[in-house]
Amino acid sequence: MPAFNSERINISTRQLNLSVEFLTSLGDIPAAQWNQLAGTDYPFMRHEFLWGLEETGCVNAKTGWQPCHAIIRDGRNDELLGLLPLYLKSHSYGEYVFDWSWAEAWQRNGLTYYPKLLTAIPFTPATGPRLCLAPGYHKKDLWPPLLKAIREFAESRHISSWHLLFPQPDEAELLEKEGLHMRTATQFHWFNQGFGCFDDFLATFSSRKRKNLRRERKRVAEQGFVLHTLCGSEISAQHWQQFYRFYQHTYAKRSGHGGYLNREFFTRTAASMGDQVVMVLAYLHDEAVAGALFFRSHDTLYGRYWGCEQEYDCLHFEACYYQGIEYCIANGLKRFDPGAQGEHKIQRGFRPVKTCSNHWISDPRLSDAIADFTRQEQAHTKEYIQQTTAMLPFRADDP
């Protein structure tokens, strides 16, 4: 991957005189300044989370995630106006918006796809804010000059493309109007309809589906499992060590490696996130044997990581889904985003939702081909959401 130093590009519009600086590390901007614009409610845009990924070595040039975060400043007084997480990628791992076929198409045409530019939360397929602005500034005004700066930065380094993953839908639509291709896909989320308890949620199911779910929960109890939900300071150093062991073991079994995240990420970065971290641990004969890790905002729970020492019947569903639903109900959270993929979530009451991504392609020929692909994909996504909505377990009178 080509090395580069932090760089500043000046961009002027009729209304604004801006500079866009590309930083090689989030450590180059104070946490207070970053969080002032990004906020701290959405956990994955917090300086503590993103810098923690860098500081612990999970994200750097060696792992294929070279930071080059875009910082927008007022060209007159250097005031911080906006920020955008940005990485120079040498592969497509850890993104959850799959473009391996695009890389192959580049190669067939004698072109090089990597490195590419990527705006995303590393290893985190969770929709949320991406471009964060100071009060009084609007995305419709600042996206065009920022896109111009990103293109200049990419073209000067012969970078093939820039990709924005899991933006909020209104942001994705704005960028589509700016000429970027928009891809759509589907995740399955749970929504709180003012339930007072888990049984209130089950009451919305058809009788047969309700019995199936209760049977799964009963099966977990019959095996002797006891589950505990811990938040923030309740999670001890020992709990973090146990969870990392589960995470590493499960990743090794599933993918042949120990996972994208290292021990220090869990014991230092995640542990520093306070009450925005929720951990569910499953005990068998007073010994922890599995765990699920969640992050939360004021209204949403995000299911992120799961690990176990061995497979147990229905334990994954209990720890990762049902305990999360119970936590949302108990704490008044409106939505539960359990992560990417998984049609098995449908019969457990998770509704299909559309997710988005945007893409700028430098080569005009390949850009036209991607445009055709994304149009077909959007039609498929719309049809798929209709089909999976019909598969939900709710009674016919459920809204």
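Read-outs throughout are calculated quantities, based only on the coordinates presented, and are distinct from any laboratory measurement. Just so it is clear, the model here is predicted, and its values are computed rather than measured. When we count neighbours, we look across all protein chains shown, and the Cβ atoms used for this are built from the backbone with ideal geometry, even at glycine.
What percentage of all Cα-Cα pairs in the range 52-166 are separated by more than 17 Å?
59 percent
Can you give me the three principal axis dimensions of the range 117-207 from its C-alpha atoms, in Å, biggest first?
Sorted from largest, the Cα extents of the range 117-207 read 61, 32, 23 Å.
Considering the Cα trace of the chain, what is its radius of gyration and what is Dmax, both in angstroms?
22.0, 69
Which FRET efficiency value, to the nearest 0.05, is calculated for residue 344 and residue 78 with the Förster distance at 51 angstrom and r the Cβ-Cβ distance?
Calculated transfer efficiency: 0.50.
Under 28 Å Cα to Cα from residue 140, which lysines show up? Leave out anything in the same chain fewer than 8 places away.
89, 116, 148, 177, 354, 382
Mind giving me the nanometre distance, one decimal, between the label points for residue 134 and residue 105, set 7 Å out from Cα along Cα→Cβ?
Result for the modelled spin labels: 4.0 nm.
Could you tell me the center-to-center distance, by alpha carbons, between the range 203-243 and the range 248-305 in angstrom?
For the range 203-243 versus the range 248-305, the Cα centre distance is 15 Å.
Below 14 angstrom from the Cβ of residue 232, what's the summed charge of the other residues (Lys, Arg +1; Asp, Glu -1)?
Around residue 232, the charge tally is -2.
For every other residue with a beta carbon closer than 11 angstrom to the beta carbon of residue 373, add +1 if it is Lys or Arg and -1 if Asp or Glu, then tell me the sum.
Computed value for this residue: -2.
At residue 28 and residue 222, where each label point lies 7 Å from the Cα along Cα→Cβ, what is the point-to-point distance in nanometres?
The two pseudo-label positions are separated by 6.0 nm.
Using the Karplus equation 6.51 cos²θ - 1.76 cosθ + 1.60 (θ = phi - 60°), what ³J(HN,Hα) coupling, rounded to whole Hz, does each residue of the range 217-232 give in order, writing x for Gly and Pro?
5, 5, 4, 5, 5, 4, 7, x, 7, 10, 10, 10, 9, 10, 10, x
Per residue, how big is the convex hull around the C-alpha atoms of the range 156-241? Give it to me in cubic angstrom, could you?
281 Å³
Please give, to one decimal in nm, the separation of the simple spin-label points placed at residue 91 and residue 353, each 7 Å out from Cα toward the Cβ.
3.0 nm
Just flag the GluC sites (Glu not before Pro) in the range 69-105 sitting in loop per DSSP whose Cβ has no more than 14 other Cβ atoms within 10 Å.
Here the sparse-neighbourhood loop sites are 79.
Counting only residues 5 or more places away or on other chains, whose amide H sits under 5 Å from the amide H of residue 351 once H atoms are built in the peptide plane?
Here the answer is 189, 190, 191, since their amide H atoms fall under 5 Å of that of residue 351.
Using every alpha carbon pair in the range 328-399, what percent of pairs falls into each 5 Å bin from 0 up to the bin containing the largest distance?
Per 5 Å bin, starting at 0, the Cα pair percentages come out as 3, 11, 18, 17, 16, 12, 9, 7, 4, 2, 0.
Could you tell me how far the Cα centroid of the range 112-188 sits from the Cα centroid of the range 320-397, in Å?
Their Cα centres are 19 Å away from one another.
Taking every pair of alpha-carbon atoms in the range 193-333, give the share separated by more than 19 Å as a whole percent.
Of all Cα-Cα pairs in the range 193-333, 53 percent lie more than 19 Å apart.
Go through 295, 256, 332 and say which Cα lies farthest out towards the positive end of the charge dipole of the range 193-333; charges sit on Cβ, +1 for Lys and Arg, -1 for Asp and Glu.
My answer, from the dipole projection, is 256.
What is the gain in length, in nm to one decimal, between residue 191 and residue 272 on full extension, counting 0.36 nm per residue of separation less the C-alpha to C-alpha distance?
26.4 nm
How big is the range 150-191 by Rg and Dmax over its Cα atoms, in Å?
Rg then Dmax for the range 150-191, in Å: 13.5, 45.
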